[in-house]
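No value in this document is a laboratory result; all are computed from the given coordinates. This structure is a prediction, so every number in the text was calculated from the model and none was measured. Glycine gets a Cβ as well: all are built from the backbone with ideal geometry, and neighbour counts include every protein chain shown.
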């Protein structure tokens, strides 16, 4: 039986002292017998600090995004190799904020997904409708329309192996991830 994952995306919040206090308290309260995996997704600038604090503990480290490219002249981007180097095991892909604010489409999300899986990390793929689409009862149509990603992740030429996390959630600036009409997580 696969273990459920409880994850926290910190978005653009935190400080070194607040992060240390939070992670220390989370580790202290987490019971080894609980049948869950816990993952935190701090901002990039805190990944190394969080990785050091979590080393040897029960909480896993993840990144909020990744570049689809392996390296090169991509100012401000972070590669999967860099994420592995600081101890990340999970990566959020396709978050609604990235889609809406940075115009990331399904094709780019699929490339990021492939890069993460090929590097041996676990992608957390967000697929869901906006608040407006939800209120217009378009949730199922929007989630079903993510065929570009579904096709890419099922493409045997990509040679995926290991665990794959797939999360469907409604998300918008008004409704936080996890409160939507869709709630599936497959690891």
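Among 131, 47, what is the fewest-to-most ranking by other Cβ atoms within 10 Å?
Listed from fewest to most nearby Cβ atoms, that is 131, 47.
Given a Förster radius of 30 Å and the C-beta distance between residue 45 and residue 140 as r, what FRET efficiency does 1/(1 + (r/R0)^6) yield to the nearest 0.05?
Computed FRET efficiency for residue 45 and residue 140 comes out at 0.20.
For region 1-17 and region 37-94, what is the centre-to-centre distance using only Cα atoms, to the nearest Å?
Value for the Cα centre distance between the two parts: 12 Å.
Take each of the peptides 60-68, 16-24, 37-45, average the number of other beta-carbon atoms within 10 Å over its residues, and list them starting from the highest.
Put in order of decreasing packing, that is 60-68, 37-45, 16-24.
Using Cβ contacts closer than 10 Å as the measure, can you line up 75, 48 from fewest to most?
By the 10 Å Cβ count, ascending: 75, 48.
What nm value, rounded to one decimal, do you get for the distance between residue 6 and residue 25 when each label is placed 7 Å out toward the C-beta?
Here the modelled spin labels are 1.4 nm apart.
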